[in-house]
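These notes concern the structure reproduced below.
The values are calculated or read from the model by the stated rules, or taken from the named source; none is laboratory data. A quick note: this is a predicted structure, and the numbers were derived from the prediction, not measured. FYI the Cβ positions are ideal-geometry reconstructions off the backbone, even for glycines, and counts take in every protein chain you see.
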Amino acid sequence: MISEAIILAGGLGTRLRSEVSDQPKCLAPVNDVPFLSYLIHYLLSMDIRHFVFSLGYKSEKIIDFLNKDFASLSYSLSLEDKPLGTGGAINLACRKVITKDVLVCNGDTLYKADVFSLAEFHAEMNSDCTLALKPMESFDRYGSVSINSSGRVTAFHEKNYCEAGLINGGMYMLNTESFMRQPFEKVFSFERDYLEKLVGQEGAIYGCIQDGFFIDIGIPEDYRRAFTERELKNVLL
């Protein structure tokens with residue numbers, strides 16, 4: 001059972017500045033509700049009971065939001081003095097995690113993956129890190145991921161137009177013990193310096209296909225699309 005989640009909410013959100021200039025992107029309002037609210041509510045429905053918020057850019061605004069809208073939520077804060085990259089941010093946040101395995105999510109993405117089956121598969125494979133993989137068609141915004149018949153990740157592919165494939169949905173089940181044993185630099189990329197280097201190694205990484213609703217508001221077009229998505233509204237019901 002997974003009961004803790006790290007939420008990465010420290011990005012600068014430069015691509016979304018044209019739409020939301022005065023807020024961290026995870027607080028971008030969607031139908032008058034900060035986007036982060038949708039993510040928190042969904043994870044609560046998946047039995048996540050403790051959150052670690054990894055913060056950097058305009059962290060005070062996120063802290064104010066949590067104090068106001070989620071005063072009773074069980075959470076810890078992991079604060080970056082300077083940008084550490086996705087890997088450095090996760091590494092720092094892992095120090096606030098109590099359990100062996102933790103769910104890691106992006107604060108600007110809602111992916112309705114089944115956390116229960118993801119955790120079960122992660123444990124069954126004795127994986128160092130398990131990616132939730134979203135099937136997608138006709139895309140070029142994301143790179144694709146290849147897996148073998150057992151679900152082991154065999155390759156990451158650069159962004160390119162793809163008729164159909166699996167994308168890394170930015171949701172991970174991470175074994176914190178094996179992760180923190182790695183000799184990382186203080187600033188590093190989780191994707192490039194961790195995930196890609198683990199391909200082909202023992203223990204390694206696996207992908208679990210999860211065809212749930214997915215939206216990433218990191219670019220203006222998808223942020224605007226979020227306003228009409230019924231799946232988002234349903235999270236709050």
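Of note:
- Residue within the range 130-150 that is touching a Gly at 6+ places or on another chain (Cβ under 8 Å), outside any strand (DSSP E or B) and surrounded by fewer than 18 Cβ atoms within 10 Å (Cβ to Cβ) present: no
- Of all residues in the range 96-122, those satisfying the criterion of being more than 14 Å from the chain's Cα centre (by Cα), among the hydrophobic types (A, V, I, L, M, F, W, C) and either surrounded by 15 or more Cβ atoms within 10 Å (Cβ to Cβ) or in a loop (DSSP other than H, G, I, E, B) (or both) are Val97, Ile98, Ala119, Phe121.
- Lys186 being of a type in the set (Lys, Arg), in contact (Cβ under 8 Å) with a residue 40 or more places away in the chain and exposed (fewer than 15 other Cβ atoms within 10 Å of the Cβ): yes
- Residues of the range 73-95 classified as touching a Phe, Trp or Tyr at 6+ places or on another chain (Cβ under 9 Å) and either part of a helix (DSSP H, G or I) or among the small types (Gly, Ala, Ser) (or both), total: 12
- Test for Lys197: is it assigned to a helix (DSSP H, G or I), more than 17 Å from the chain's Cα centre (by Cα) and surrounded by fewer than 13 Cβ atoms within 10 Å (Cβ to Cβ): yes
- Near pairs, Cβ below 7 angstrom, 6+ apart or cross-chain, from the range 121-149 (within 16 Å of Glu196 (Cβ to Cβ)) to any residue that is at pLDDT 95 or above and part of a loop (DSSP other than H, G, I, E, B): Leu133/Gln210
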